[in-house]
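Heads up: the structure comes next, in structure tokens.
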Amino acid sequence: MEQLYFAVSWALVGLIWVIQLVKYPAFHFVDVSRFVEYHQHHTRSITIIVAPLMMAELALTGWLLWQSGWSAKYLISAAVVGAIWLSTMTLQIPQHQVLDKKKNEKAIDKLIKTNWIRTILWTLKGIWLLGI
């Protein structure tokens, strides 16, 4: 189970870096006349990839936490996963909701800035898992 957790965690690390450095900044270059269509395509497509991985990460975190008797290594992982979900729900999803209606440069900038939270947290979690 730990190997699966490691694989899912690192898949999310790779994915979040592509989103952070490629996908979100590219929103600035999409013509306003096609932006809503583009953004909706992005959201549908990326959700097919990221949602199962995030759900697997959450389930595996809970399982390993319980199986380990609430060990510190999985408590730390659980805290990071919780912070990632909190950031997703309170910071990134609201910006996507704005962008689903129209191109908004401030929302794009805020999405890029706040997504660094998830990028850093997933990366630190991946590094943490390498060390344990």
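The values are calculated or read from the model by the stated rules, or taken from the named source; none is laboratory data. Just so it is clear, the model here is predicted, and its values are computed rather than measured. Neighbour counts are summed over all protein chains in view; Cβ atoms, including those assigned to glycine, are modelled from backbone coordinates with ideal geometry. Areas reflect the complete protein model, heavy atoms only, side chains present, ligands, DNA and RNA absent. Shrake-Rupley method; radii C 1.70, N 1.55, O 1.52, S 1.80 Å.
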Condition first: in contact (Cβ under 8 Å) with a residue 60 or more places away in the chain, open to solvent by 10 Å² or more (accessible area, probe 1.4 Å) and part of a helix (DSSP H, G or I). Now tell me which residues in region 1-12 satisfy that. Glu2, Phe6, Trp10
Answer from Ser33, Ser87, Ser77 - the residue that is in a helix (DSSP H, G or I) and over 24 Å from Leu129 (Cβ atoms): Ser33
Any chance Val18 is under 16 Å from the mean Cα position of the chain (by Cα) and either part of a helix (DSSP H, G or I) or on the phi < 0 side of the Ramachandran plot (or both): yes
Anything in region 57-79 that is touching a Leu at 6+ places or on another chain (Cβ under 8 Å) and crowded, with 17+ Cβ neighbours inside 10 Å? List them, or say none. Glu57, Leu60, Leu65, Tyr74, Ser77
Within region 21-53, residues being among the basic types (Lys, Arg) and over 15 Å from the mean Cα position of the chain (by Cα) number 1
Across region 13-42, the tally of residues that are closer than 17 Å to Gln92 by Cα, surrounded by fewer than 16 Cβ atoms within 10 Å (Cβ to Cβ) and touching a residue at least 24 places away in the same chain (Cβ under 8 Å) stands at 5
So, of the residues in region 81-132 that are under 12 Å from the mean Cα position of the chain (by Cα) and among the small types (Gly, Ala, Ser), which turns out to be farthest from Thr61 (Cα to Cα)? Ser87
